[in-house]
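What follows is calculated from the coordinates using simple rules that are stated; it is not laboratory data. Computed from a predicted model, the values in this text were never measured in an experiment. Ideal geometry is used to build each Cβ from the backbone, glycine not excepted, and the neighbour counts take in all protein chains shown.
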Amino acid sequence: MTLSESAAAPVNEVVLEAAGLTKHFPVRKRLRDFFSRTPAVVHAVDDVSFALRRGQVTALVGESGSGKSTVARLLAQLYPRTAGDIRLHGRSTRVRGGRAFRAYVRRVQLILQDPFASLNPVHTVRYHLTRSLRIHGNAGRTAEDLDRALADLLTRVRLTPPERFLDVFPHELSGGQRQRVAIARALGADPEVLLADEPVSMLDVSIRLGVLNLLQDLKERLNLAILYITHDIASARYFADETIVMYAGRMVEGGDSETVTQNPAHPYTRLLTESAPDPERITGDGAGIDEAAGKDRGQGEPPSLISPPAGCRFHPRCPHAMRRCTAELPPRLTVGDRPGHWTACWLYDPATVAADAPGSAAPDADPAVPPPPALVEREDTATLGEAR
């Protein structure tokens, strides 16, 4: 599909879909492991499902080690999946190389985090872009066609005049310019999907907004579906239409970005939003700091993914954990405040909400842990401590 055909395609059409996507990495065996029937694996990604739609940005948010980049590499077919399915325009795809892989990456392109590492330092910008155009059959038939295609790519990513950048090496460019070259190289394939793996985390704060605005403009002009991976939930609110939160390899919350960032439901999402800088929470004399809330902000470290905890993987750090959370994996539960807002948290189970009503006692509540609050009706941005 050419760029003109892609731009004319209907907005919100599902282009790429992950269904129950799972990836386990084997662990190097030790002597005692040779006698075990169950080999040790890293549960990097478990049961991840979402869809990328044309003309929309979906943000995948979480702290380091939550499995975001692994999801991107699975969707790019760089890793074989352990379980689940990847559907391109509704058709299941599994490619491992050759012509099938080349046909797939012509439609699904990955933008890596570090532009200096993703560009070959001994080759010029002309070489990188020419190689992309020729591999995917977009270089034209003559030298003039190639020159026009190169100039068009650089103009799209706002590196103008193009002749100024064609014959320079990556080390002669700034970080933002290098990332724009990496984006131009991805556009050389005329893709339908861009998988942007933390595309601005290696850049100076002053130029991050320019790159995000560029991706936003490309999404609108070319009708692209974009997966935006980040650990900064504030930028997800600014840039993405939909936000999905991951923790320890699992999805814990999802919905439109405004709702997820301004009215978070899952305790981990609340922890992420509180960690984002907020001028209204910080004052010179410290008056804006709630000391009581600070005690309930999910202390501790992420769990081991070789032997992840049973039930909800966030329960060792959750201030609202119940006995049920330690044994049963929560499914997707509707929050009810906005259409499409869901969370994987037992606090939103109807039985839990009924048990938490005045005069009722939760049958499975841990006596050492205060009973969970009824958060279904909440639409404010209270902190975890205030919710208690």
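Taking a Cβ cut-off of under 15 Å around residue 165, the surrounding Lys, Arg, Asp and Glu residues balance to a net charge of +2, with basic ones at +1 and acidic ones at -1. Counting neighbouring beta carbons within 10 Å and listing from fewest to most, the residues 94, 323, 99 come out as 99, 94, 323. In terms of the mean number of neighbouring beta-carbon atoms within 10 Å, the peptides 180-191, 15-26, 201-212 order highest first as 180-191, 15-26, 201-212.
In the stretch 70-219, the alpha-carbon atoms span a convex hull of 122 Å³ per residue. When each of the peptides 130-142, 109-121 is scored by the mean number of other C-beta atoms lying within 10 Å of its residues, the order from highest to lowest reads 109-121, 130-142.
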